[in-house]
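The structure under discussion appears below in the form of structure tokens.
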Amino acid sequence: MYAEHKQDTQKEKLVSTIRNQCLKNGCGGIKHLSTVFRRMDVDYSKKLCYKELAMGVKSYGMSINDEDLKVLFDILDHDKSGYIDFTEFMHHLRPTMSVSRIQVINEAFNKLDVNNDDELRVDDLKGRFYNIKHHPIIIHFRFTQSPNQIHFRFNCMLHT
């Protein structure tokens, strides 16, 4: 029991170390890592074999020994197919959300969940968003332009 817990802790530490090496290059580090691994995916299968992973890690300049690389590959290869799925790999490397961010998300959800059933439905969202038909620009153009001109001009104003 203790040996399994120790092994799990070592695996978590390894993934955390890799994550930190990615993030030391700034918040774009993980996105860059994804790009590097996509380049290493020679057959465009969205999967990496061990050799492709090793080349990707080396290309990224990460310091990891062969034994840890094998452990990392084993962690990420859940189905033991001999390949790592990109999505799973990125899922493991993405940092956890801060408590304050989770609170903001929950507050936004609760504000949208009108009937408090912990599910967002279309009915919950009706009336929660700004109705543009009362916007001054729309009111002005409604009386002076055709509907197609209104749509085109309003979109142009939004993007300038």
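The values are calculated or read from the model by the stated rules, or taken from the named source; none is laboratory data. Everything quoted here is computed from the prediction, not taken from an experiment. Cβ placement follows ideal geometry from the backbone for every residue including glycine, while neighbour counts extend to all protein chains displayed.
Per-residue answers, yes or no, for (1) at pLDDT below 80; (2) in a loop (DSSP other than H, G, I, E, B); (3) outside the structural domain of ASP8 (by TED's automatic domain parsing); (4) within 19 Å of GLN10 (Cα to Cα):
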{"site": "ASN20", "(1), (2), (3), (4)": "yes, no, no, yes"}
{"site": "HIS32", "(1), (2), (3), (4)": "yes, no, no, no"}
{"site": "ARG38", "(1), (2), (3), (4)": "no, no, no, no"}
{"site": "GLU67", "(1), (2), (3), (4)": "no, no, no, yes"}
{"site": "ASP79", "(1), (2), (3), (4)": "no, yes, no, no"}
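The residues of the range 120-131 that are at pLDDT below 80 and either surrounded by 10 or more Cβ atoms within 10 Å (Cβ to Cβ) or in a loop (DSSP other than H, G, I, E, B) (or both), listed by number, are ASP124, LEU125, LYS126, GLY127, ARG128, PHE129, TYR130, ASN131.
Number of residues in the range 77-100 that are over 19 Å from GLY28 (Cα atoms) and of a type outside the set (Ser, Thr, Tyr): the value is 8.
The one condition from (1) over 30 Å from LEU33 (Cβ atoms); (2) part of a helix (DSSP H, G or I); (3) modelled with pLDDT of 80 or more; (4) not hydrophobic (A, V, I, L, M, F, W, C) that ASP117 does not meet is (2). For the residues MET97, MET62, the requirement of being in a loop (DSSP other than H, G, I, E, B), under 30 Å from LYS126 (Cβ atoms) and either of a type outside the set (Ser, Thr, Tyr) or outside the structural domain of ILE18 (by TED's automatic domain parsing) (or both) singles out MET97.
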